[in-house]
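Note sheet for the following structure.
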Amino acid sequence: MADKPTYYITTPIYYPSGKLHIGNSYTTIACDAEARFQRLEGKDVFFLTGTDEHGLKIEQKAEELGTTPQAYVDDMAVGIKKLWKLLDISNTKFIRTTDDYHEKAVQKIFQKLEDSGDIYLGEYEGWYSVSDEEYFTETQLAEVYHDADGNVTGGKAPSGHEVQKVKEESYFFKMSKYADWLLQYYKEHPDFIEPASRMNEMINNFIKPGLEDLAVSRTTFNWGVKVKNNPKHVVYVWIDALTNYITALGYGSDDHRNFDKYWPADVHMVGKEIVRFHTIYWPILLHALGLPLPKHVVAHGWLLMKDGKMSKSKGNVIYPETLVNRYGLDALRYYLLKAMPYGNDGVFTPEDFVDKINYDLANDLGNLLNRTVAMINKYEDGVIPTFKPGVTEFDEDLENTAATVVTNYRELMNSLHFSDALSEVWKLVSRSNKYIDETQPWVLAKSTDEADQAKSASVMNHLAESLRLLAHLLQPVLTQAPGKILGQLGLSAQTVSLDELHFGTIPAGTKVVAKGTPIFPRLDAKEEVAFIKAQMTKTDKKKGRAAMEAAKKAVQTADEPELKSTKKPIRIEAFDKIELKVAEIKSVDHVKGADKLLKFKLDAGDGSDRQILSGIAEYYPDPSVLVGKKVVIVANLKPRKMRGEISQGMLLSAEHDGHIQVVEVPNSLVNGSGVE
Ligand code: MSP
């Protein structure tokens with residue numbers, strides 16, 4: 001048998017400088033859906049993801065936490081792998097840039113480029129953004145600060161991050177030498193960068209204004225791959241990172257069979273802010289190494305929040321664990337792939353998230369399955385009738401819709417248009433629901449006319465055939481529901497080649513389950529929107545100031561009798577007995593055998609950690625969101641034991657409509673400060 005065609009797809013490798021959020025998860029889930037789709041298309045797929053573990057940002061982060069960079073990245077990589085497991089990511093390999101084979105290969109690549117004269121030693125003077133791990137000339141800065149004499153003292157990168165002045169000996173890569181070659185390559189490969197608008201952006205904003213040689217080493221910090229011949233230099237983190245796409249396949253190692261087999265990559269999927277690295281530096285580097293270029297670099301937009309980009313400092317981050325634990329994995333995978341239009345930004349709102357589950361999944365798809373299984377049980381004793389063409393006047397249109405949807409879906413999935421591919425699938429969902437309304441099986445079933453009974457049987461078959469197709473089409477995106485749909489229809493959940501997706505293949509005698517259960521239960525929209533909003537806790541300074549103002553106002557009006565309270569008035573002395581303190585949450589764990597309890601370790605300025613137990617576990621499906629938050633505790637409660645664990649105080653929390661949330665205070669408050 002001939003070898004299967006190969007398909008190599010990669011995610012960017014993630015900085016382990018913080019917990020990954022639903023934005024980062026989008027890139028990985030999108031690549032996973034593509035990898036699963038290509039497997040259904042019969043390809044031999046290699047799907048790579050991993051972590052980008054070197055650089056100043058990581059070195060500084062570890063220092064902040066009082067640990068070593070290695071211990072820090074080891075810990076973070078475990079968490080990231082665990083997340084991909086939770087999200088059912090089917091990657092072939094996970095590369096870490098601290099892997100020994102990768103570091104050795106990077107050194108060889110660097111040496112090779114130095115030997116060929118593409119890398120030379122010089123001195124770099126300019127600006128560097130640690131957050132972006134990127135160099136800038138003064139003219140590239142979005143904002144520049146001056147001192148009284150007009151000298152430039154600092155500034156901001158286009159990303160908004162602060163830059164710092166650097167002047168150091170550095171190796172340079174001769175990017176400028178390859179600018180014309182690259183333009184020519186773009187011309188000959190118009191689909192190299194997708195969407196095409198990004199290619200124009202690269203040409204007009206970066207290549208035409210003149211490509212400068214790139215500083216590819218640093219001497220002022222240690223956490224990176226050392227240049228073999230000159231170990232005071234570490235390789236620039238982006239050079240180290242980009243090469244992961246080939247070192248993971250064994251390039252630069254003894255065993256390079258995967259490289260020979262899978263390179264060049266079919267798709268590098270990247271977010272819009274890193275297109276430049278992947279479509280200018282990376283192709284030039286590969287060309288200088290004498291290697292072919294990836295076939296496509298596909299750029300996606302950002303998943304934004306209403307107030308802009310997701311960021312910890314804005315306090316608007318949503319973590320995938322929170323949504324998966326509460327709504328299931330398929331809900332998140334569907335939402336992300338549907339909500340991000342091809343090549344553009346998408347906006348996350350709790351309302352839209354809940355609507356997509358309720359309307360698309362629970363109503364449209366879930367109900368189609370429920371109604372079909374219930375009707376087959378009621379009208380056909382649970383057995384799916386066999387396929388016959390042209391029995392009702394609506395059959396052909398449904399069959400044609402299915403055939404068109406399969407064709408369009410394949411085309412859209414092949415070009416990574418996930419949201420459009422899902423819209424296409426939902427055309428078949430809608431057409432099937434409409435088919436029920438048109439054929440009115442409940443009327444047909446009551447009729448004693450043989451022709452009507454044949455029609456009723458045909459309707460049941462067509463609905464089951466439609467659902468079978470839907471389950472298979474959804475397999476790359478949803479990893480759980482398709483098996484459940486097929487299971488309720490009495491069919492095996494085996495993967496099926498997309499060539500077999502047509503009507504008339506359900507075996508005679510197939511029996512549906514006696515009673516189907518909803519695969520996507522309907523959500524109480526109000527309650528769930530409130531829940532998701534509560535997870536997006538705000539801690540930024542502006543909000544902190546607003547809260548202070550509000551508190552001041554409350555004090556000023558405290559004598560006014562109409563203020564509402566559910567408790568008896570007390571004298572100020574009673575309040576004085578309570579010692580309230582600011583504390584920082586260091587860790588949170590569940591308490592074994594007590595579903596409701598969470599165990600907090602806090603820094604309340606006592607010199608050692610304080611342990612407090614609180615019965616709020618049900619309001620925090622992912623309690624780790626609380627780590628790092630500053631809260632207020634009652635510090636002078638008598639210690640007490642609960643479930644064998646000591647509790648040394650109480651956390652203040654707020655209750656509204658039965659939902660409890662810990663009261664957070666601005667991060668600028670010092671641990672142990674008294675609250676009065
Ligand atoms: N380490 C580099 C990539 C090196 S690849 C050789 C990096 N890492 S990252 O962790 O900052 O970003 C990884 C990916 O996550 C990027 O493609 C980025 O666009 C994506 N996203 C980060 N936030 C995102 C959203 N809010 N929405 C969608 N994708 C987002 O860059």
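The values are calculated or read from the model by the stated rules, or taken from the named source; none is laboratory data. Owing to the predicted nature of the structure, the values given are computational and were not obtained by experimental measurement. Note that we place each Cβ from the backbone using ideal geometry, even for glycine, and neighbour counts take in every protein chain shown. What goes into the accessible areas is simple: the full protein's heavy atoms, side chains included, and nothing from ligands, DNA or RNA. Shrake-Rupley method; radii C 1.70, N 1.55, O 1.52, S 1.80 Å.
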For region 306-326, what are the residues that are open to solvent by less than 30 Å² (accessible area, probe 1.4 Å), out of contact with any strand residue (DSSP E or B) (no Cβ under 6 Å at 6 or more places or on another chain) and in contact (Cβ under 8 Å) with a residue 40 or more places away in the chain? Met310, Gly315, Val317, Ile318, Tyr319, Pro320, Thr322, Leu323, Val324
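Filter region 113-149 down to the residues that are acidic (Asp, Glu), away from the ligand (no atom under 16 Å from the Cβ) and open to solvent by 20 Å² or more (accessible area, probe 1.4 Å), then identify the one that is farthest from Ser311 (Cα to Cα). Write out each step before concluding.
Residues of region 113-149 acidic (Asp, Glu): 114-115, 118, 123, 125, 132-134, 138, 143, 147, 149.
Then drop every residue that is not away from the ligand (no atom under 16 Å from the Cβ), which leaves 114-115, 118, 123, 125, 138, 143, 147, 149.
Within this subset, residues satisfying the condition of being open to solvent by 20 Å² or more (accessible area, probe 1.4 Å) are 114-115, 123, 125, 138, 143, 147, 149.
Details: Glu114: 39, Asp115: 42, Glu123: 35, Glu125: 30, Glu138: 26, Glu143: 21, Asp147: 31, Asp149: 36 Å.
Only one residue tops the list, namely Asp115.
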Residues being open to solvent by less than 40 Å² (accessible area, probe 1.4 Å) and assigned to a helix (DSSP H, G or I): count how many of those fall in region 464-522. 19
Being touching a residue at least 60 places away in the same chain (Cβ under 8 Å) and not small (Gly, Ala, Ser), is that true of even one residue in region 149-162? no
What's the number of the only condition in (1) within 24 Å of Asp307 (Cβ to Cβ); (2) of a type outside the set (Gly, Ala, Ser); (3) surrounded by fewer than 22 Cβ atoms within 10 Å (Cβ to Cβ) that Val383 fails to meet? (1)
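Looking at this structure, is Val354 within 16 Å of the ligand (Cβ to nearest atom), aliphatic (A, V, I, L, M) and either in contact with a Pro (Cβ under 7 Å, 6 or more places away or on another chain) or touching a residue at least 60 places away in the same chain (Cβ under 8 Å) (or both)? Give the derivation first.
Details: within 16 Å of the ligand (Cβ to nearest atom): no; aliphatic (A, V, I, L, M): yes; either in contact with a Pro (Cβ under 7 Å, 6 or more places away or on another chain) or touching a residue at least 60 places away in the same chain (Cβ under 8 Å) (or both): yes.
So Val354 fails the test.
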Looking only at region 14-56, how many residues end up being more than 17 Å from the chain's Cα centre (by Cα) and within 11 Å of the ligand (Cβ to nearest atom)? 3
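Got a sec? Which strands (runs of 3 or more DSSP E) wholly within region 108-208 have at least 1 residues that are among the aromatic types (Phe, Trp, Tyr) and over 26 Å from Ala265 (Cα atoms)? Write out each step before concluding.
On the way: elements: 119-129, 134-136, 143-146, 152-156, 162-173.
It comes to 119-129, 134-136, 143-146, 162-173.
Can you report the number of residues in region 378-431 which are farther than 23 Å from Ala35 by Cβ and not in a loop (DSSP other than H, G, I, E, B)? Even if it seems obvious, please write down each step before you answer.
Step one: of region 378-431, the residues farther than 23 Å from Ala35 by Cβ are 378-404, 427-431.
Now restrict to residues that are not in a loop (DSSP other than H, G, I, E, B): 378-380, 383, 395-404, 427-431.
Counting residues in region 378-431 that are farther than 23 Å from Ala35 by Cβ and not in a loop (DSSP other than H, G, I, E, B) gives 19.
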From the list Lys19, Lys4, pick out the single residue that is touching an Asp or Glu at 6+ places or on another chain (Cβ under 6 Å) and of a type in the set (D, E, K, R). Lys4
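For every residue, the table says whether it meets (1) within 18 Å of the chain's Cα centre (by Cα); (2) within 15 Å of the ligand (Cβ to nearest atom); (3) more than 30 Å from Lys630 (Cα to Cα).
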| position | (1), (2), (3) |
| --- | --- |
| Pro292 | no, no, yes |
| Ala299 | yes, yes, yes |
| Met305 | yes, yes, no |
| Tyr335 | yes, yes, yes |
| Asp345 | yes, yes, yes |
Of the criteria (1) open to solvent by less than 10 Å² (accessible area, probe 1.4 Å); (2) near the ligand (Cβ under 9 Å from one of its atoms); (3) farther than 16 Å from Thr51 by Cα, which one Lys272 fails: (1)
Can you tell me which condition Phe277 does not meet? The list is (1) aromatic (Phe, Trp, Tyr); (2) in contact (Cβ under 8 Å) with a residue 40 or more places away in the chain; (3) under 30 Å from Pro264 (Cβ atoms), and all the others hold. (2)
